[in-house]
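Read the structure below first, then the notes.
The values are calculated or read from the model by the stated rules, or taken from the named source; none is laboratory data. Note that the structure is a prediction, hence the values are computed from the model and not measured. Positions of Cβ are generated from backbone atoms using ideal geometry, with glycine treated the same way; all protein chains shown enter the neighbour counts. Side chains are part of the model used for accessible areas, which takes the heavy atoms of the whole protein and leaves out ligands, DNA and RNA. Shrake-Rupley method; radii C 1.70, N 1.55, O 1.52, S 1.80 Å.
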Amino acid sequence: MGHCPFCQRLFMVLLLKGVPFTLTTVDVKRALDMLKDFAPGAQLPVLLYNGEPKTDTITIEDFLEDKLGPPMFPSLVPRYRESSLAGNDIFHKFSTFIKNPVPAQDEVLQRSLLRALLKLDEYLSAPLEYELAHDPHLRASQRRFLDGDQLTLADCNLLPKLNIVQVVCQHYRCFGIPKDLRGVWRYLNSASETKEFKYTCPNSEEIVQAYRSVVRSPQ
C-alpha cells in the first residue's frame, strides 16, 4: 500500500503529531483474513481503536485530530477554509485523464487537468491574509504550504495526490506539471524538504507499477 495517497496522508498526520507508530505493509491482492474479521468490505487504511474499526480516511483523520489535540499535540487544522478546498478536484481530473480509454478525448481531459492545476497555482501564489498583515504591498505569496509555512491537514491530503499526478503523467503521458506553475513547484519543493513528506513518500517506480494495469498504452 506504499503508493496509496490515503495511507500516506495518515502517516504524515501521525508524524506531524509526533506520535510513534509501527508501519506494516500488506499485499492487498491476498485475502486479508484479519481485515475481513473486524471490517468486512473495508479498504485500507483502517484504524482499529478499542476494538472499533474506523474505515473512512476523513473519519480517521478527524478522530486523530480529536484524540491527539492541544495541548499535548499540535493542531493541524488550517486557519483558512480555502486551504482545505484548494486543489480538491485535481486528483479526480487526473484519474479521468490517465484512465481514459478513448485517445480522441485525451486533449480535452488534459486541458481540464491543467485548468485545475492552474487554479491551485493561483491560490498558492496569492498572499494570504496573514501575509498581507505583515506586508500590505506584497504581490506574490512566498509561503511554503497551502495555509502558511507549516504543514496542515490540507497538505497531508493534497501532497500525496499531487506527487502521484506528477509521477504518473510524466511516465505514461510525457506530460508533467508545467514548470511555469511556480507556485505549485515551490509547494512541491518545500514539501520535499520536510521529513513528514519525504519519509512517507513512496518510490516513484512503485507508483508507476501501481498504475500500469489501469493506464491505457499510448497510441
Search result, residues across the stretch 183-202 that are assigned to a helix (DSSP H, G or I) and not polar (S, T, N, Q): Gly183, Val184, Trp185, Arg186, Tyr187, Leu188, Ala191, Lys195, Glu196, Phe197, Lys198
Looking at (1) surrounded by 14 or more Cβ atoms within 10 Å (Cβ to Cβ); (2) modelled with pLDDT of 95 or more, which one does Pro202 not meet, given that it meets all the others? (2)
Sole miss for Leu146 among (1) among the aliphatic types (A, V, I, L, M); (2) open to solvent by less than 40 Å² (accessible area, probe 1.4 Å); (3) farther than 30 Å from Pro20 by Cα is condition (3)
Condition set surrounded by 14 or more Cβ atoms within 10 Å (Cβ to Cβ) and of a type outside the set (A, V, I, L, M, F, W, C), scope the stretch 63-73, selection farthest from Arg9 (Cα to Cα): answer is Gly69
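Which fully enclosed helices (runs of 4 or more DSSP H) of the stretch 95-182 have 2 or more residues being out of contact with any Leu (no Cβ under 9 Å at 6 or more places or on another chain) and either closer than 30 Å to Gly69 by Cβ or of a type in the set (Phe, Trp, Tyr) (or both)? Steps first, answer last, please.
On the way: elements: 106-125, 129-134, 153-173.
Result: 129-134, 153-173.
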Any residue in the stretch 135-159 that is within 18 Å of Ser75 (Cα to Cα) sitting within a Cβ distance under 8 Å of a residue that is of a type in the set (Ser, Thr, Tyr) and part of a loop (DSSP other than H, G, I, E, B)? List the pairs, counting only those 6 or more apart or interchain. Phe145/Thr152; Leu146/Thr152; Asp147/Tyr80; Leu151/Thr194
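What residue, of Asp89, Asp135, is among the acidic types (Asp, Glu), at pLDDT 95 or above and under 17 Å from Leu158 (Cβ atoms)?
Numbers: Asp135 fails: under 17 Å from Leu158 (Cβ atoms).
The match here is Asp89.
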In the stretch 79-94, what count of residues is obtained for those that are open to solvent by 90 Å² or more (accessible area, probe 1.4 Å), assigned to a helix (DSSP H, G or I) and in contact (Cβ under 8 Å) with a residue 40 or more places away in the chain? 1
Here is a list: Cys169, Cys156. Which entry is under 21 Å from Ser95 (Cα atoms), touching a helix residue (DSSP H, G or I) at 6+ places or on another chain (Cβ under 6 Å) and surrounded by 13 or more Cβ atoms within 10 Å (Cβ to Cβ)? Cys156
Specify which of the listed residues (Met12, Met34) is modelled with pLDDT under 75 and either surrounded by 19 or more Cβ atoms within 10 Å (Cβ to Cβ) or in a helix (DSSP H, G or I) (or both). Met34
For Pro178, only one of the following conditions fails: (1) closer than 29 Å to Tyr123 by Cα; (2) surrounded by 14 or more Cβ atoms within 10 Å (Cβ to Cβ). What is its number? (2)
